[in-house]
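This report refers to the structure that appears directly beneath it.
The values are calculated or read from the model by the stated rules, or taken from the named source; none is laboratory data. What you see is a predicted model, and the numbers here were worked out from it, not measured in a lab. Note that each Cβ is placed from the backbone with ideal geometry, even for glycine, and that neighbours are counted across all protein chains shown.
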């Protein structure tokens with residue numbers, strides 16, 4: 001069946017008690033909040049909905065919250081916030097399984113200084129400057145938005161040669177920054193796996209972050225929760241795996257694929273074609289996150 005294309009959330013809000021909301025591509029573009037996003041959050045809160053923001057941002061809560069505040073997306077507009085960077089920090093602090101428990105103390109960080117809070121303050125973890133000195137790789141993404149995968153081939157090869165396990169703090173392949181599509185840590189991890197590397201991911205679409213979101217939402221029934229995001233691969237697939245409905249924001253990373261301008265409705269036939277090719281088509285679609 002074709003995915004119903006809505007103008008905003010007003011028509012379906014009463015079907016749900018809570019929403020799990022993506023950040024980049026839904027609430028903001030990495031630079032500024034999208035028009036109407038803050039108003040939509042206010043309307044949902046006024047209607048008594050519980051809102052958990054879930055981002056694959058490879059940084060911890062304090063820095064993420066500060067960035068949201070600077071965009072006018074203040075804490076009174078949502079109930080809870082979780083990032084893949086926070087999930088990564090917690091997994092390195094208190095290993096949830098044998099794989100993480102087996103990681104050595106010395107980490108080699110692939111990523112910019114703005115993501116250092118993912119590992120800073122961890123007892124028993126030490127950052128080293130080269131793969132040769134490391135026990136594992138912490139991958140938070142590229143240093144500069146103009147960089148490409150080719151810029152990281154040598155360092156990925158060096159890590160793979162030593163068979164270092166990789167912890168990926170952002171499973172996204174790409175993200176929209178302003179009007180530009182930029183590669184993320186997930187793309188580096190994808191290439192590392194091609195080289196034979198062993199990778200553990202934290203963030204969407206993987207189940208642990210959704211379990212944590214349900215706790216933050218107060219244990220709402222899955223049938224009364226909807227996940228909203230702009231990625232079929234992470235947001236929509238992750239919602240499906242968690243047993244909840246999903247809403248695709250078509251003005252995000254699939255905008256070019258759908259052949260539409262931001263805020264405009266895509267051609268319904270093209271939307272059906274693109275979503276049908278995904279493993280889990282969304283329950284709903286909207287051009288942008290508005291009421």
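The table below gives the values:
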| quantity | calculated |
| --- | --- |
| Among residues of the range 158-194, those that are touching a helix residue (DSSP H, G or I) at 6+ places or on another chain (Cβ under 8 Å), in a loop (DSSP other than H, G, I, E, B) and surrounded by fewer than 24 Cβ atoms within 10 Å (Cβ to Cβ), counted | 4 |
| Candidate set: the range 279-291, residues that are assigned to a loop (DSSP other than H, G, I, E, B) and touching a strand residue (DSSP E or B) at 6+ places or on another chain (Cβ under 9 Å); chosen: the one nearest to residue 250 (Cα to Cα) | 287 |
| Tabulated pairs, the range 116-127, first at positive phi, second surrounded by 15 or more Cβ atoms within 10 Å (Cβ to Cβ) and assigned to a helix (DSSP H, G or I), C-beta under 9 angstrom, 6+ apart or interchain | 121/89 |
| Scope the range 267-278; condition more than 19 Å from the chain's Cα centre (by Cα) and either outside any helix (DSSP H, G or I) or without any contact (Cβ under 8 Å) to a residue 24 or more places away in the chain (or both); matching residues | 267, 269, 270, 273, 276, 277 |
| Long-range neighbours under 6 Å by Cβ, at least six apart or interchain, first residue touching a residue at least 24 places away in the same chain (Cβ under 8 Å) and not assigned by TED's automatic domain parsing to the domain that holds residue 228 within the range 23-48, second assigned to a strand (DSSP E or B) and crowded, with 17+ Cβ neighbours inside 10 Å | none |
